[in-house]
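The values are calculated or read from the model by the stated rules, or taken from the named source; none is laboratory data. Everything numeric in this text was worked out from a predicted model, so none of it was measured. We place every Cβ from the backbone using ideal geometry, glycine too, and count neighbours over all the protein chains shown. Just the protein is used for accessible areas: all its heavy atoms, side chains included, with ligands, DNA and RNA removed. Shrake-Rupley method; radii C 1.70, N 1.55, O 1.52, S 1.80 Å.
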Amino acid sequence: ENYLVSQYIAEFWNSITNGTFIILACLGAYTTIKYDHSRRMLLCYVAMMFVGLGSLWFHATLKYTTQLLDELPMLYLTGLALYATIEVSKDIKYGIKVPIAITTYLVLFSIVYIRWLQTPVFHQIVFASTVLVTFINAAKRKTQLALSETSQKILRRAVTGGCVGMLGGFFVWNLDNLFCHQLRTYRTYVGAPWDAVLQLHGWWHILTAYGCYCLILWIHFIRIAWLGHDHLFTVKFHLGLVPQITLIAPKKTE
């Protein structure tokens, strides 16, 4: 089905659905810049943007070099998120030790993956392990905070959205792998534009982008609470679904 929709884009739907990563990352970056929040969080959102751009480029070209741009930024993003959960205070506590350790880990993985172990399983294991360590570290930080019920509710909804997005994306990704030939037959049968609904790899992009954004926002709000500013901020949901950190509007006085 390559170049079926456009002669310039190999996998059209798998390419454009990566726009979800880019749009949500821009929303998070805008929020971080607007309220002058930590550069650590800004880098997380920028890294998420590059995940979307790299994946878009790969699915548009289907070249090995661009496949690396699809896979490696995912791990780099988790490395930045891990750093943000370790250095949660405004001042840097551990100096350059943590950045050097994380950078060394990421560089070594990249070299081994590119030169010797070019297998998806190796990438998946390392990526999942890094995500798990980051998640546990963020959850640990959360338990060390005395949060209001409002802040707890915000964090619960954010982490729930993140888990649902990630697990839902993983589910449809497996469905796409298991029933690839059947889905291709169904897409041919229903034809355009309804065949787009059956592009499960595209749904994997949309769901994981949403889950990734929610989890970064979860870490973002934990850091806000760690600095004692959570009473100044809340999270509003666009269309009842897309969260964004915003400043609490002051109450009007008569």
Expected vector for segment 132-144, Karplus 3J(HN,Hα) from phi with 6.51, -1.76, 1.60 and θ = phi - 60°, integer Hz, x for Gly and Pro, equals 4, 4, 5, 4, 4, 5, 5, 5, 5, 4, 4, 5, 8
Carbon/sulfur fraction of accessible area - segment 1-65, other protein chains in place, 1.4 Å, %
68 percent
Label point distance in nm, residue 148-residue 118, each placed 7 Å from Cα along Cα→Cβ:
5.5 nm
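Per residue, what accessible area does the chain have, given a 1.4 Å probe and all protein chains present, in Å²?
Numbers: 14550 Å² over 254 residues.
Result: 57 Å² per residue.
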Normalised contact order of segment 157-254, rounded percent, pairs of Cα under 8 Å and 6 or more residues apart
31 percent
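Roughly how many percent of the accessible protein surface of segment 86-229 is carbon and sulfur, given a 1.4 Å probe and a whole-percent answer?
Numbers: 5940 of 8470 Å².
Roughly 70 percent of what the probe reaches on segment 86-229 is carbon or sulfur.
Can you pull the percent of Cα pairs in segment 189-235 with separation above 13 Å? Provide the component values of the computation, followed by the final result.
Numbers: 719 of 1081 pairs.
That fraction is 67 percent.
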Which of 212, 26, 180 fluctuates most in a GNM of the chain (C-alpha springs under 10 Å)? That residue is 180
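If the limit is 29 Å between Cα atoms, which of 63/97; 90/140; 97/236; 97/153; 34/93 go over it?
On the way: 63/97 36 Å; 90/140 18 Å; 97/236 36 Å; 97/153 34 Å; 34/93 25 Å.
With Cα atoms farther than 29 Å apart: 63/97; 97/236; 97/153.
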Sum -39500 (n - 2.57) across every DSSP H segment of at least 4 residues in the chain, then divide by the residue count to get the 222 nm mean residue ellipticity, nearest 500.
-24000 deg cm²/dmol
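Suppose we look only past 28 Å in the calculated P(r) of the chain. What percent of the Cα-Cα pairs does that tail hold? Could the numbers behind the result be given before it?
Working: 12032 of 32131 pairs.
Here the tail beyond 28 Å accounts for 37 percent of pairs.
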Between the helical axis of 39-61 and the dominant principal axis of the chain, each derived from Cα atoms, what acute angle in degrees is found, rounded to the nearest 10?
0 degrees
Long-range amide H contacts for residue 233: which residues qualify at under 5 Å (H placed 1.01 Å from N, peptide plane, sequence gap of 5 or more or a different chain)?
248
Do you know the relative contact order of the chain, to the nearest whole percent, from alpha carbon pairs under 8 angstrom that are 6+ apart?
22 percent
